[in-house]
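The values are calculated or read from the model by the stated rules, or taken from the named source; none is laboratory data. Computed from a prediction, not measured in an experiment: that's the story for all the values here. Cβ sites come from the backbone with ideal geometry, for glycine too, and all protein chains shown count toward neighbours.
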Amino acid sequence: MRILVRTCPQRAHFIPYLEKHLPSAEIIMDDGGGAMQCFYQALRAAGDDAVIHMEDDVLLTESFKSKALSVIETFRALPIQFFSMRKADLTVGSRVEKGGKFLMGQCFYLPEGISARILKFAQMWHKHDTHPTGLDTLVADFFAASKMSYYLHVPSLVDHRECVSEINSRRSTNDSHLHLPILSMINLRPIELSKMTPWLSEMKAAGLSIAESTNHYAIYRGSELVGFTGLMWIGKTARFKSSYVFPQYRRQGIYDASQKLLIAIAETGSATMLEATATKMSKQWFLDNGFEVVVQFRDMIKVEKRL
């Protein structure tokens with residue numbers, strides 16, 4: 001299955017992460033014409049093949065390709081949406097939708113011949129002026145004109161990174177709310193150590209060592225500060241540091257989501273090794289997520305994971 005990833009020079013730093021997890025993915029670089037023209041480039045590259053179209057600023061679920069291919073095997077004749085943020089995702093789940101309802105361009109599958117047909121349809125599409133970057137509007141209009149339905153898969157197989165949109169810089173940095181439930185609500189924002197001062201004594205009392213050389217991140221659930229975490233870089237090794245969820249927010253999946261976002265940050269930075277010193281509280285998380293014990297201390301363990 002071909003996977004076409006649309007990107008532009010300003011966002012090329014996302015590509016190593018995708019190439020690591022999807023080594024056969026084909027990169028479609030914006031030639032300067034903007035987001036819609038880049039989509040047309042991808043449609044031309046697809047030709048008559050069945051393909052997965054993907055944006056560069058996604059985070060992949062574990063085993064993305066095998067999960068996507070399993071869904072495609074069942075619904076091969078239909079277009080498939082792999083990213084969604086609608087209320088019905090929680091109440092209805094996976095479903096077939098009318099084509100005119102198609103929304104979001106982060107990751108979707110088009111059967112054989114459909115990319116070429118959309119490209120041809122675009123030549124007479126009358127909404128270029130009102131929707132100059134609306135590739136999902138174009139696709140929805142094509143589906144509606146062709147009386148075509150599509151399959152919307154729940155849960156989403158990708159999440160949308162927190163970043164400034166190259167299409168609209170005023171758009172929310174992370175507009176996902178309902179997909180991958182807790183991961184979608186958590187984002188990490190770089191923070192200076194000096195701004196963490198009110199919480200440092202609390203963190204140190206919990207046994208955390210706080211280092212100036214760590215890249216610190218504030219953990220937010222929506223607009224609510226719920227903790228801190230960090231990465232210390234030693235060459236190509238990314239060391240997990242200073243992860244602390246405020247007591248009132250624990251046992252809600254926040255630690256798990258924040259650590260998975262840290263892994264994505266490390267992979268984007270081309271890390272080849274992850275390291276951590278795990279406490280009794282965090283030990284099981286690291287073991288469950290593929291880390292191996294390399295040193296056993298009295299109350300802690302040192303773990304690592306090769307990328």
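What tally of residues in the range 199-224 results from selecting those that are assigned to a loop (DSSP other than H, G, I, E, B) and touching a residue at least 24 places away in the same chain (Cβ under 8 Å)? Even if it seems obvious, please write down each step before you answer.
The first filter runs over the range 199-224 and keeps only residues assigned to a loop (DSSP other than H, G, I, E, B), leaving 206-214, 222-223.
The next check asks that each one be touching a residue at least 24 places away in the same chain (Cβ under 8 Å); those that pass are 206-211, 214, 222.
Residues in the range 199-224 being assigned to a loop (DSSP other than H, G, I, E, B) and touching a residue at least 24 places away in the same chain (Cβ under 8 Å): 8 in total.
I'd like the full set of residues that are surrounded by 20 or more Cβ atoms within 10 Å (Cβ to Cβ) and modelled with pLDDT under 90, limited to the range 143-154.
Passing the criteria: none in range.
N168 - would you say it is farther than 24 Å from K20 by Cβ, modelled with pLDDT under 90 and outside the structural domain of H53 (by TED's automatic domain parsing)?
Details: farther than 24 Å from K20 by Cβ: yes; modelled with pLDDT under 90: yes; outside the structural domain of H53 (by TED's automatic domain parsing): yes.
Yes.
Quick check: anything in the range 86-98 in contact (Cβ under 8 Å) with a residue 24 or more places away in the chain, farther than 30 Å from I186 by Cα and either out of contact with any Ser or Thr (no Cβ under 7 Å at 6 or more places or on another chain) or in the same structural domain as C8 (by TED's automatic domain parsing) (or both)?
Scanning the range 86-98, I find at least one residue that is in contact (Cβ under 8 Å) with a residue 24 or more places away in the chain, farther than 30 Å from I186 by Cα and either out of contact with any Ser or Thr (no Cβ under 7 Å at 6 or more places or on another chain) or in the same structural domain as C8 (by TED's automatic domain parsing) (or both), so the answer is yes.
Per-residue answers, yes or no, for (1) under 22 Å from the mean Cα position of the chain (by Cα); (2) under 23 Å from L22 (Cβ atoms):
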| position | (1), (2) |
| --- | --- |
| D256 | yes, no |
| Q259 | yes, yes |
| I263 | yes, yes |
| M281 | no, no |
| Q284 | no, no |
| G290 | yes, yes |
| R298 | no, no |
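What's the number of the only condition in (1) assigned to a loop (DSSP other than H, G, I, E, B); (2) of a type in the set (S, T, Y); (3) surrounded by 16 or more Cβ atoms within 10 Å (Cβ to Cβ) that S242 fails to meet?
(1)
Across the range 267-307, which residue is nearest to D256 (Cα to Cα) among those that are crowded, with 16+ Cβ neighbours inside 10 Å and among the small types (G, A, S)?
The selected residue is S282.
If a residue must be in contact with a strand residue (DSSP E or B) (Cβ under 7 Å, 6 or more places away or on another chain) and among the small types (G, A, S), how many such residues does the range 202-247 contain?
9
What number goes with the only condition from (1) among the hydroxyl-bearing types (S, T, Y); (2) farther than 14 Å from S156 by Cα; (3) touching a strand residue (DSSP E or B) at 6+ places or on another chain (Cβ under 8 Å); (4) surrounded by 17 or more Cβ atoms within 10 Å (Cβ to Cβ) that S24 does not pass?
Going through the list (1) among the hydroxyl-bearing types (S, T, Y); (2) farther than 14 Å from S156 by Cα; (3) touching a strand residue (DSSP E or B) at 6+ places or on another chain (Cβ under 8 Å); (4) surrounded by 17 or more Cβ atoms within 10 Å (Cβ to Cβ), S24 breaks only (4).
Is it true that some residue in the range 58-79 is in the same structural domain as K147 (by TED's automatic domain parsing), at pLDDT 95 or above and of a type in the set (D, E)?
no
Condition check: buried (at least 23 other Cβ atoms within 10 Å of the Cβ) and in contact with a helix residue (DSSP H, G or I) (Cβ under 9 Å, 6 or more places away or on another chain). Does F83 satisfy that?
Working: buried (at least 23 other Cβ atoms within 10 Å of the Cβ): yes; in contact with a helix residue (DSSP H, G or I) (Cβ under 9 Å, 6 or more places away or on another chain): no.
No: the conditions fail for F83.
Say whether the condition of being in a loop (DSSP other than H, G, I, E, B) and in contact (Cβ under 8 Å) with a residue 60 or more places away in the chain is met by at least one residue in the range 36-47. Break it down stepwise before answering.
Looking only at the range 36-47, we keep the residues that are in a loop (DSSP other than H, G, I, E, B), and these are 47.
Filter once more, keeping what is in contact (Cβ under 8 Å) with a residue 60 or more places away in the chain: 47.
There is at least one residue in the range 36-47 that is in a loop (DSSP other than H, G, I, E, B) and in contact (Cβ under 8 Å) with a residue 60 or more places away in the chain.
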